[in-house]
Amino acid sequence: MPAASASGIQPTLEFIPPNYTPWVHRLARWIFPWLIRQQGIAKLHTENAETLAELFRDFQAGKLRFILAFRHPSTNDPFVMSHLLWEAVPQAARDRGIRLPDWPHTHFIYDRGIPLWAGDAVAWMFSHLGGTSMQRGKLDRPGLKTARDLLLNGRFPLAAAPEGATNSHSEVVSPLEPGVAQMAFWTVEDLRSAGRSERVAIVPIGIQYTYLSPPWAEIDRLIDTIESSLGLTNPLKTTAPTSPEEGRYLRLYLLGDRLLDLVEQFYQTFYQQTLPIVDLPDPNERMGQRLKNLLDTALRVGEAYFGVTNTGTVEERCRRLEQAGWDRIYCDDGRSRCPVERGLANWVAAEATIRMQHMRLVERFTAVTGRYVREKPTAERFAETLMILWRVTTWIQGDDTSKPPQLGKQAVWLRVADPIWVSDRAADYKANRRATLQSVTQEIHQSLKNLIA
């Protein structure tokens, strides 16, 4: 029998309610610009911030309620969203002569798992900035109830990332979860039940990162680093690229090919999995299909252990596995356990932690297609793909704490779309809820795609 993990079972994951505190908000408005610079972000550009200024004016006047549905390509997104809300919108309001009695801010939904890796300080800050936690892998009744109440009665609008998680791609919008549209329609119904006349809108927000100048030298050094971790030496010795650009792309392709080889062998050898042979003429399509097969295999290994179904999208399967693991780890409800019972529970928690790694591997590759760089070989797309490979290879080696390398100074583009007026579709929702939710979710998705330059 293996020894119990050092940490063992953990207290159950409690809902973290919002506790907006004005002085924390003021402190964050002073600190966050410094944090933005620390992340290598040198410039921030905003487009159509005046639309948000007008919406905040009407919100504060009690005329409407709205949700900000923002893209989520990076863990830096909360910082850059703070710039949009706390600096760009007030400036746009001043430029347009719009009076805002209250400083622009939002309540926001965040994944309950974030404090597990970011720490209790982040949980405290999120709560005191007005954030509310949500467990994505189950019906989180306290989280849903609170988010619904904030959208109906909160001091501020509500912000949420309909993609559900970061996808590490500035120019790819992942499939959206329907929760944003659902909450908006619930609010329409709640307002009607309360005899209130506010309109309800969803406002898509695009976030896109670019480099001030292409960091090709840093990109080449990062390729060297990843090649070393994968045991690749002189990978182009049998190939003569036609140009430095083609040589760089070939090296990137060989990184992916080598990583796929190693992980495929891992699942075939140690988990007795059989992966289908992919015989496609286009090498990028072939790599994309191999990756798709590998991710499905990794999920199936985890699903077999936890005894959960393998239906739904990759994102849904990941959330289901995450929740199954959490149920085994965060299960210490305070009841008395004898030492042997606790030891067995610790054993289960330790194994669940390991088995969840199959899902974590998939999470890191969810948005990768095999075509992203080939279609548009910019420094941004090279860098984003290499950062995914760097994170995966360092994580597989047991290092999940190293700070990712900064390849160069970045600019961020924040683009505000025209609002989607959900209240105007109340009759459609009443007639066919599922179809209307799908339609509005698709409209949000298309709007976010349109905000990519």
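The values are calculated or read from the model by the stated rules, or taken from the named source; none is laboratory data. All values reported here derive from a predicted model rather than from experimental measurement. Remember, those area values only see protein heavy atoms, side chains included, never the ligands or the DNA or RNA. Shrake-Rupley method; radii C 1.70, N 1.55, O 1.52, S 1.80 Å.
Couple of notes before you dig in:
- The range 20-45 and the range 151-206 have Cα centres separated by 24 Å.
- Computed over the range 157-225: relative contact order in percent, which uses C-alpha pairs under 8 Å that are six or more apart: 25 percent
- Figure note: W186, W23 ranked by solvent-accessible area, largest first, 1.4 Å probe, ligands and nucleic acids not counted: W23, W186.
- All-pairs Cα distance distribution in the range 314-398, expressed in whole percent, bin size 10 Å: 15, 32, 26, 16, 8, 3, 0
- Label corresponding to semi-axes √(5λ) of the Cα gyration tensor in Å when calculated from the structure given, among (i) 37, 30, 22; (ii) 32, 25, 21; (iii) 42, 29, 17: (i)
- With all protein chains modelled, accessible area of M134 [1.4 Å, Å²]: 30 Å²
- Rg over Rh [alpha-carbon atoms, Kirkwood Rh] for the range 239-303: 1.07
- Global geometry of the range 35-170, whether rounded, prolate or oblate, following the gyration tensor of its Cα atoms and the 1.5 cut on a/c: oblate
- Cross-link partners for K145 among the aspartates and glutamates, with Cα-Cα distance under 19 Å and sequence neighbours closer than 8 places in the same chain left out: E14, D111, E177, E189, D190.
- Compactness of the range 263-364, expressed as Rg and Dmax over alpha-carbon positions, Å: 16.8, 61
- Rounded to the nearest 10 degrees, the angle from helix 141-153 to the longest Cα principal axis of the chain is 40 degrees.
- By accessible area with a 1.4 Å probe, ligands and nucleic acids excluded, highest first: order of E177, E264: E177, E264
- For the range 47-113, the fraction of alpha-carbon pairs lying more than 18 Å apart is 38 percent, rounded to a whole number.
- Derived scalar couplings ³J(HN,Hα) [the range 342-358; Karplus, 6.51 cos²θ - 1.76 cosθ + 1.60; whole Hz; x for Gly, Pro]: 5, x, 5, 5, 5, 4, 4, 5, 5, 5, 4, 4, 5, 5, 5, 5, 4
- Per-residue accessible area (protein heavy atoms, 1.4 Å probe) orders T12, T401 as T401, T12, starting from the largest.
- Computed with a 1.4 Å probe over protein heavy atoms only, the accessible surface of the chain comes to 48 Å² per residue.
- With the Kirkwood sum run over all distinct C-alpha pairs, the range 89-136 has a hydrodynamic radius of 12.6 Å.
- Angle between the chain longest axis and helix 314-329 axis [Cα atoms, degrees, rounded to 10]: 90 degrees
- Contact order normalised by residue count of the range 320-427, Cα under 8 Å, 6+ apart, percent: 20 percent
- Counted over the chain, the DSSP beta bridges are approximately 30% antiparallel.
- Taking every Cα-Cα distance in the range 150-228 and sorting them into 10 Å bins starting at zero, the pair-distance distribution P(r) comes out as 14, 31, 23, 15, 11, 6, 1 percent.
- Evaluated at q = 0.09, 0.11, 0.16 Å⁻¹, a Debye calculation over the C-alpha positions of the range 154-290 (equal weights, vacuum) places log10 I(q)/I(0) at -0.54, -0.71, -1.04.
- Just the protein heavy atoms count here, and of the accessible area of the range 251-397 at 1.4 Å, carbon and sulfur take up 54 percent.
- Measuring only protein heavy atoms, the 1.4 Å probe finds S168 accessible over about 30 Å².
- Using a probe of 1.4 Å, the accessible surface attributed to I420 totals some 10 Å² when neighbouring protein chains are kept in position.
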